[in-house]
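**Student:** Quick one: structure below, then a few questions.
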Amino acid sequence: MSTLARKLLIAGNWKMNLNSAEASELADSIVNQVGTQMEVAVCICPTFTSLEAVSKRVVDSNIGLGAQNMHFENSGAFTGEISAEMLRHLFVSYVIIGHSERRDYFNEDDNLVNQKTIAALEASLKPIVCIGETLNERDSGQLESVIHRQLEGALLGVSPNHADQLVIAYEPVWAIGTGKTATPEDAESVHSFIRKLLSDILGIEAANKVRILYGGSMKPENAEALLSQKNIDGGLIGGASLKAHAFTSIVDSAIKLSS
Ligand code: 13P
């Protein structure tokens, strides 16, 4: 658990799953099970088509709402895109930016991730900026250079004043949806490297306010060991976030470590 005043954040990335009726049902179960606790920040990120329905289900609870992507412009001729303002109108407070699936399948690069991060912060959203290396990059000794490039690229021009709004998610690409998890020690060593880079980029005081989540096959069985690491401030959970019981039991592990 983080020793500083960083509240753990457990975020569910539902990816392209569930229609709005199914999403509402899952949101109801999560609200019923962990919707009143205050020790841990929790957020769920449904598809755009379910945001409005889920927003109504979480509105009176402590469950935050997140989106999985956004455009950096406020409005205009960008067919198929959604702006930060539109998300805010639905009471969205978090937005995932630069997920490896978007970098990989939709060619999002560091520059685009940077534009979206800045637009999200300006709109008072909390960006969850995803970074992480592929297996090839790790095996060829490029882990640190990739993390450095992605983090520096994403945060170009970001003010240290936004540090408590900013969330970084370290998601090693080889651990996403594969059942392979980084060991808690391996993850912690990358998280502490990220903290050091944040300190170089934003200054030490700001760096200590930024939450760094781990993502990649986090599940009830490994959550406690990961979340108990000093620089792991929460989790970004894919597969296990689609089952209310699995997701809330990860939240319970975080609560246990926070109290
Ligand atoms: P899994 O938890 O399914 O590995 O997905 C992780 C992820 O990509 C969260 O954004």
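**Student:** Hey, does region 221-228 have a residue that's away from the ligand (no atom under 15 Å from the Cβ), small (G, A, S) and either part of a loop (DSSP other than H, G, I, E, B) or touching a Ser or Thr at 6+ places or on another chain (Cβ under 6 Å) (or both)?
**Tutor:** yes
**Student:** A further question follows. Could you identify the single residue in A120, A163 that is more than 13 Å from the ligand (Cβ to nearest atom), under 20 Å from F48 (Cα atoms) and open to solvent by less than 20 Å² (accessible area, probe 1.4 Å)?
**Tutor:** Being more than 13 Å from the ligand (Cβ to nearest atom), under 20 Å from F48 (Cα atoms) and open to solvent by less than 20 Å² (accessible area, probe 1.4 Å) holds for just one of A120, A163, which is A120.
**Student:** Follow-up. Residue check: is A206 away from the ligand (no atom under 13 Å from the Cβ), within 21 Å of A5 (Cα to Cα), in contact with a Pro (Cβ under 6 Å, 6 or more places away or on another chain) and not in a loop (DSSP other than H, G, I, E, B)?
**Tutor:** Yes, satisfied.
**Student:** Quick check: is even one residue across region 210-217 loosely packed, with under 15 Cβ neighbours inside 10 Å and either more than 15 Å from the chain's Cα centre (by Cα) or not in a strand (DSSP E or B) (or both)?
**Tutor:** No: zero hits.
**Student:** Return a yes/no flag: does region 9-28 have any residue that is open to solvent by less than 10 Å² (accessible area, probe 1.4 Å) and touching an Asp or Glu at 6+ places or on another chain (Cβ under 9 Å).
**Tutor:** yes
**Student:** Are there any pairs with C-beta distances below 7 angstrom linking a residue in region 189-211 that is farther than 20 Å from G235 by Cβ to a residue that is open to solvent by less than 50 Å² (accessible area, probe 1.4 Å) and assigned to a loop (DSSP other than H, G, I, E, B), with the two at least 6 apart or on different chains, and if so which?
**Tutor:** If the second residue must be open to solvent by less than 50 Å² (accessible area, probe 1.4 Å) and assigned to a loop (DSSP other than H, G, I, E, B), the pairs left are I201/L155.
**Student:** Being among the hydrophobic types (A, V, I, L, M, F, W, C), in a helix (DSSP H, G or I) and surrounded by fewer than 23 Cβ atoms within 10 Å (Cβ to Cβ) is the filter here, so list the residues in region 52-71 that pass it.
**Tutor:** Residues satisfying the conditions are A53, V58.
**Student:** Could you check how many residues of region 30-51 are in contact with a helix residue (DSSP H, G or I) (Cβ under 7 Å, 6 or more places away or on another chain) and not in a loop (DSSP other than H, G, I, E, B)?
**Tutor:** Of the residues in region 30-51, 8 are in contact with a helix residue (DSSP H, G or I) (Cβ under 7 Å, 6 or more places away or on another chain) and not in a loop (DSSP other than H, G, I, E, B).
**Student:** Considering only residues that are within 16 Å of the ligand (Cβ to nearest atom) and assigned to a helix (DSSP H, G or I), which ones fall in region 2-29?
**Tutor:** Matches in region 2-29: L26 only.
**Student:** Taking S259 as the residue in question, decide whether it is over 19 Å from L143 (Cα atoms) and at pLDDT below 95.
**Tutor:** The answer is yes for S259.
**Student:** Among what's in region 209-220 and is of a type in the set (K, R) and in contact with a Gly (Cβ under 8 Å, 6 or more places away or on another chain), pick the residue that is farthest from the ligand (Cβ to nearest atom).
**Tutor:** R211
**Student:** Going through region 229-257 one residue at a time, which ones are open to solvent by 40 Å² or more (accessible area, probe 1.4 Å) and assigned to a helix (DSSP H, G or I)?
**Tutor:** Once the filter is applied, which keeps residues that are open to solvent by 40 Å² or more (accessible area, probe 1.4 Å) and assigned to a helix (DSSP H, G or I), region 229-257 yields G239, L242, H245, D252, K256.
**Student:** Is it the case that some residue within region 97-110 is surrounded by 15 or more Cβ atoms within 10 Å (Cβ to Cβ) and hydrophobic (A, V, I, L, M, F, W, C)?
**Tutor:** yes
The values are calculated or read from the model by the stated rules, or taken from the named source; none is laboratory data. What you see is a predicted model, and the numbers here were worked out from it, not measured in a lab. With ideal geometry, Cβ positions are generated from the backbone for all residues, glycine too; neighbour counts draw on all protein chains shown. Areas reflect the complete protein model, heavy atoms only, side chains present, ligands, DNA and RNA absent. Shrake-Rupley method; radii C 1.70, N 1.55, O 1.52, S 1.80 Å.
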